[in-house]
Amino acid sequence: MQRKDDQPKRLALLTSGGDAQGMNAAIRAIVRSAISFGVEVYAVFEGYEGLIRGGDAIRPMSWDSVGGILQRGGTVIGSARSDEFRTRQGRLKAARNLLEKEIDSLIVIGGDGSLTGADIFRQEWHGLLEELVAQQSISIELAQRHPHLRLVGLVGSIDNDMYGTDMTIGADSALHRITEAVDAITSTATSHRRAFIIKVMGRNCGYLALMGGLATGADWVLIPESPPQVEKWEDVMCERLKAGRRAGRRDAFVILAEGARDRDGKPISSDYVAEVLENSLGEEVRVTVLGHVQRGGAPSAFDRNLGTLLGYAAVETILSSSPADEPKLIGLHGNRISRQPLMECVRQTQEVNQLINAREYERAMELRGSSFKEAFQTLKTMLRALPHPVIAEQPRFRLAVMHAGAPAPGMNTAVRAAVRIGLDRGHVLLGVRNGFQGLIDGDVFEMNWMSVNGFAPLGGAELGTNEKIPSGSDLYHIARSIETHQIQGILMIGGWSGYEAAYRMLQERVNFPAFNIPIVCLPASINNDLPGCELSVGADTALNNIVEAVDKIKQSAVAQRRCFIVEVMGGKCGYLALMSGLASGAERVYINEEGVTLKDMQLDVETLNQSFRSGKRLGLIIRSESANDVYTTSFMCALFEEESADLFDVRQAILGHLQQGGNPSPFDRILATRLATRCIEYLIQQAEQGKTESAFIGLIGHEIKFSNLEDFPRMVELDKRRPRQQWWMDLRPIARVLANPPSEIQIS
Ligand code: ADP
């Protein structure tokens, strides 16, 4: 995209309200895409305060001025609350200061308050200009050159409380802080058999508490949208925690949202919950108020990419909108960028707050959206001490849960959800150890509620996994195991080899009648290389592992001018490479989908030489492990070093298995829980209806969908082990635009 004559020549951006991790990624993306499109870009320092102060609080930004900020929390251009901006007089000064610099396009990153303020400013713009002309503060010609203020809003808020976007910038990082803290507290709580109350932020929104509870395995969660509906809720809570103790739980913790209240609208304080628990459990209770820790720290990979993509889209929107267009809020819907009418989103957001204050909780819950509601339902089952009692006349199906493929963080979380949902619905859940080999060996055992206790945050795969794809006599043994254990449905949580194995069983139904049972595959692979899903469980954790490692690698290069070539996993699927390249600000990403040619590398060396010559100190290239069989990482290092003309040295870093390790990220835990819940429901439904359809599940856009397992070969490139359709390939041009200043973009 390039700016046309009738499009804005200059734009300004500001961050306002509470700061949030990922704002810097948005700032960087706005500045760099504006420069690439030929638009001059100014940053307003200290939010609306800076707009009112003017002068050097509104500064032109260069490509390099936003270098090295992706990994930093907060906002480098500062944020502030401004009472003066709430007054017309304040906004009059703001208009004059913008016009002084001939700016009539504004991108605001903030919460609903900041966006409301921005929209009032936009609506008043014409009147403000008339007043300034009348005061002779500005010339009539200047006013005529800028008859409208173009406005675009991005939501930066850890609370995830905004209507019109699935995620606000900062919410995922805040969830990282919460899960890290709760995971850490769990180990001490377990050692001492202690109860903990963890208070989390979120104002009127229970998102952080709800998802934090789901991701960590909390025993009780209190959120503003759904106050306990019984009068003596304290007794119910205490009884639940006691039952948990009786069932063998050593820890007990309650997550409390800061805006939680009882059904009469009375706020519930952490001290009150502590007192109630102490009296009832007769044990020590500790309160941890997480506070501003949740706003701090490095942004997660998700927030870096969210900020980046939204920032890029904000500039595109400014350029493509007509001056008098209604302002847009740029958000995320599914995995896609959405543009919604800004004021409608603000209005709906404020409506939820009003509904909560008016104690109309059901309607408030409705407005939070279906996945919020669904998560709350799932949470209610997960935090039970034991399943509902089995109803005698109801059929009890025997459902097996297993893994296959390489380990992926989140596998245990998925098993936990599957087992608990299945047991709670009255069925028998069987665990298969060690993937398809376990099914061949008949290594199958019955699981109970406590077999998955503590699984939510656990990395690795407790059931064990391997990459065996059964063939020949293996199939006979599998059929025997299915018959012996009377398995009526299988949930395979795993990666590529699991999908292939499940498909093989489907094909072999004619030879093995025992295979006539429903099989459902849940995508769990760090590579994100599975069909019928846009994000597989484990990929987000791997991405965070890569991004954290790259942050450290970059910091190691303080003295020399250096270029790193970092090799990441992914097989022949370039998802991890591209997304980690975006999240870490790589100059170049090599993926198998695009291939690598000698000419590419030659151009890349020239680009690097040029930027090191003009002062660059650090270069970063991400190479997917199978980008090209001949041009390996070490080959590239040698080539770049040789051609660097002593301007810089080159080091390689092959990240290897650290990418598969670690505890799952909150995103992966939530995804695993959502998908596993649906998979078990699918198997139960198939069994109830006497059907044997087999499927794989996935999040596509905004929805969870099942694809027919029959379609597996049609939806993939079998030899490359990746899906035919990969949504993220559309993000490549954005990565290119942000990687190098316009004069240095040479790659075709
Ligand atoms: P957030 O944007 O995170 O919701 P606030 O509600 O504190 O945070 O708003 C941040 C700033 O936005 C305020 O300090 C004020 O300058 C401006 N603002 C908020 N609401 C309005 C309003 N109704 N009119 C004008 N400015 C507003």
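Listed values, structure above:
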{"read-out": "Unmet criterion (only one of (1) within 22 Å of the chain's Cα centre (by Cα); (2) more than 30 Å from THR413 (Cα to Cα); (3) surrounded by fewer than 21 Cβ atoms within 10 Å (Cβ to Cβ)) for ASP325", "value": "(1)"}
{"read-out": "Neighbours by Cβ (under 6 Å, 6+ apart or cross-chain): first from the stretch 86-99, small (Gly, Ala, Ser) and part of a helix (DSSP H, G or I); second at pLDDT 95 or above and within 12 Å of the ligand (Cβ to nearest atom)", "value": "GLY90/ILE52; GLY90/GLU84; ALA94/LEU51; ALA94/ILE52"}
{"read-out": "Among (1) at pLDDT 95 or above; (2) surrounded by fewer than 24 Cβ atoms within 10 Å (Cβ to Cβ); (3) within 23 Å of SER269 (Cα to Cα), the one test that THR186 misses", "value": "(1)"}
{"read-out": "Filter pass, LEU214 being within 25 Å of GLU360 (Cβ to Cβ) and over 19 Å from the mean Cα position of the chain (by Cα)", "value": "no"}
{"read-out": "Selection status of VAL230, surrounded by fewer than 20 Cβ atoms within 10 Å (Cβ to Cβ) and modelled with pLDDT under 90", "value": "yes"}
{"read-out": "The stretch 198-207, subset among the aliphatic types (A, V, I, L, M) and part of a strand (DSSP E or B), residue nearest to ALA20 (Cα to Cα)", "value": "VAL200"}
{"read-out": "Members of the stretch 677-714 found to be hydrophobic (A, V, I, L, M, F, W, C) and either part of a strand (DSSP E or B) or surrounded by fewer than 16 Cβ atoms within 10 Å (Cβ to Cβ) (or both), listed by number", "value": "ALA695, PHE696, ILE697, LEU699, ILE700, ILE704, PHE706"}
{"read-out": "Residues of the stretch 457-501 classified as in a helix (DSSP H, G or I) and of a type in the set (Asp, Glu), total", "value": "3"}
{"read-out": "Index of the failed condition, ARG32 passing every other in (1) within 14 Å of the ligand (Cβ to nearest atom); (2) basic (Lys, Arg); (3) buried (at least 19 other Cβ atoms within 10 Å of the Cβ)", "value": "(1)"}
{"read-out": "Pair list, Cβ under 9 Å, 6 or more apart: the stretch 502-514 residue in a loop (DSSP other than H, G, I, E, B), other residue buried (at least 18 other Cβ atoms within 10 Å of the Cβ) and aliphatic (A, V, I, L, M)", "value": "ASN511/LEU475; ASN511/ALA479; PHE512/LEU475; PHE512/ILE478; PHE512/ALA479; PHE512/ILE482; PHE512/MET505"}
{"read-out": "Selection within the stretch 267-310 - more than 29 Å from the chain's Cα centre (by Cα), small (Gly, Ala, Ser) and within 21 Å of MET211 (Cα to Cα)", "value": "SER269"}
{"read-out": "Enumeration of residues in the stretch 415-446 that are at positive phi and either surrounded by fewer than 20 Cβ atoms within 10 Å (Cβ to Cβ) or free of Cβ contacts under 8 Å to residues at least 60 places away in the same chain (or both)", "value": "GLY426, ASN434, GLY442"}
{"read-out": "Answer from GLU141, GLU130, GLU102 - the residue that is at positive phi and charged (D, E, K, R)", "value": "GLU102"}
{"read-out": "Residue in the stretch 38-45 that is modelled with pLDDT of 95 or more, in a helix (DSSP H, G or I) and either closer than 26 Å to GLY297 by Cβ or not basic (Lys, Arg) (or both) present", "value": "no"}
{"read-out": "Matching option when the condition is among the acidic types (Asp, Glu) and over 34 Å from the mean Cα position of the chain (by Cα), among ASP649, ASP604", "value": "ASP649"}
{"read-out": "Lone unmet requirement of (1) closer than 21 Å to HIS657 by Cβ; (2) under 22 Å from the mean Cα position of the chain (by Cα) for LEU582", "value": "(1)"}
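Per-residue answers, yes or no, for (1) within 16 Å of the ligand (Cβ to nearest atom); (2) closer than 27 Å to GLU548 by Cβ; (3) out of contact with any His (no Cβ under 8 Å at 6 or more places or on another chain):
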| residue | (1), (2), (3) |
| --- | --- |
| ASP5 | no, no, yes |
| ARG10 | no, no, yes |
| ALA43 | no, no, yes |
| ARG53 | yes, no, yes |
| MET61 | no, no, yes |
| SER65 | no, yes, yes |
| LEU70 | no, yes, yes |
| SER82 | yes, no, yes |
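The values are calculated or read from the model by the stated rules, or taken from the named source; none is laboratory data. Values in this document were obtained by computation on a predicted structure and should not be read as measured data. Positions of Cβ are backbone-derived with ideal geometry, glycine not excepted, and every protein chain shown enters the neighbour counts.
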